[in-house]
1. Name the residue, out of 50, 94, that is at negative phi, out of contact with any Asp or Glu (no Cβ under 8 Å at 6 or more places or on another chain) and at pLDDT 85 or above.
2. Are any residues in the stretch 88-142 of a type in the set (A, V, I, L, M, F, W, C), more than 24 Å from residue 62 (Cβ to Cβ) and not in a helix (DSSP H, G or I), and if so, which ones?
3. Can you tell me which residue within the stretch 25-34, out of those that are surrounded by fewer than 19 Cβ atoms within 10 Å (Cβ to Cβ) and not β-branched (Val, Ile, Thr), is modelled with the highest pLDDT?
4. Check residue 99 against each of (1) hydroxyl-bearing (Ser, Thr, Tyr); (2) closer than 18 Å to residue 27 by Cα; (3) in contact with a Phe, Trp or Tyr (Cβ under 6 Å, 6 or more places away or on another chain) and name the one condition it does not meet.
5. So how many residues does the stretch 44-64 have that are closer than 11 Å to residue 133 by Cβ, buried (at least 18 other Cβ atoms within 10 Å of the Cβ) and of a type in the set (Val, Ile, Thr)?
6. Can you list residue pairs whose Cβ atoms sit under 7 Å apart, with the first residue in the stretch 108-126 being in contact (Cβ under 8 Å) with a residue 24 or more places away in the chain and the second being assigned to a helix (DSSP H, G or I) and among the polar types (S, T, N, Q)? Count only pairs 6 or more apart in sequence or on different chains.
7. Limited to the stretch 88-105, what total is found for residues that are of a type outside the set (A, V, I, L, M) and surrounded by 12 or more Cβ atoms within 10 Å (Cβ to Cβ)?
8. Give just the number: which of (1) part of a helix (DSSP H, G or I); (2) among the small types (Gly, Ala, Ser); (3) at pLDDT below 90 does residue 74 not satisfy?
Amino acid sequence: MQPDLTEHEQFLMMLKNETLVEYYRRACGPTFFYLILGAGVAACILTFVVVRYGKGPTVGPALVLTTPAAFYLGLWCMAESFVIVGRICEQSGVTPELSVLVGSIGHAMAPLLVGALVSIPAFLTAVIGAIVRALSAQPQAI
């Protein structure tokens, strides 16, 4: 028979069997994880629409607004996670172990990484679209 595992040992066993996507989903929380993914998809679609159909001087500001949406959402979630980690450490009244503190910081950084990874297609769409627009633009007479 296997002896009863402590809560910490059970948590470590769960981490060993967890995929990277499951870890990021748990680190972000299901709400923020799906919100970040949705923001990435929406940013990519809006960036494509702006690049393809946008006209005039509003194209640049529209790209600046739509392209990094998922990244900013990940940044916001990371900041919120750091606040939660700080409050837990403050309210616990004990000095946290270094391994727990480092794990918490890594856990709090995960949403930023998810937001950055999900933003890559929107950034590529904006860059490639801007290059294609610049190359296909009609030369203007001076």
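1. Being at negative phi, out of contact with any Asp or Glu (no Cβ under 8 Å at 6 or more places or on another chain) and at pLDDT 85 or above holds for just one of 50, 94, which is 50.
2. If the condition is that a residue be of a type in the set (A, V, I, L, M, F, W, C), more than 24 Å from residue 62 (Cβ to Cβ) and not in a helix (DSSP H, G or I), then 94, 141, 142 are the ones that fit.
3. Initially, the stretch 25-34 is screened for residues surrounded by fewer than 19 Cβ atoms within 10 Å (Cβ to Cβ), giving 25-26, 29-31, 34.
Keeping just the survivors that are not β-branched (Val, Ile, Thr) gives 25-26, 29-30, 34.
Working: 25: 86, 26: 84, 29: 84, 30: 83, 34: 91.
Here the answer is 34.
4. Tallying (1) hydroxyl-bearing (Ser, Thr, Tyr); (2) closer than 18 Å to residue 27 by Cα; (3) in contact with a Phe, Trp or Tyr (Cβ under 6 Å, 6 or more places away or on another chain), residue 99 fails exactly one: (3).
5. 2
6. 108/81; 111/81; 122/47; 125/47; 126/47
7. First, pick out the residues of the stretch 88-105 that are of a type outside the set (A, V, I, L, M): 89-93, 95-97, 99, 103-104.
With surrounded by 12 or more Cβ atoms within 10 Å (Cβ to Cβ) added as a condition, the list becomes 89, 96, 103-104.
Total meeting the criteria: 4.
8. (3)
The values are calculated or read from the model by the stated rules, or taken from the named source; none is laboratory data. The structure displayed is predicted, hence computed values, not measured ones. Using ideal geometry, Cβ is built from the backbone for each residue, glycine included, and neighbour counts are taken over all protein chains shown.
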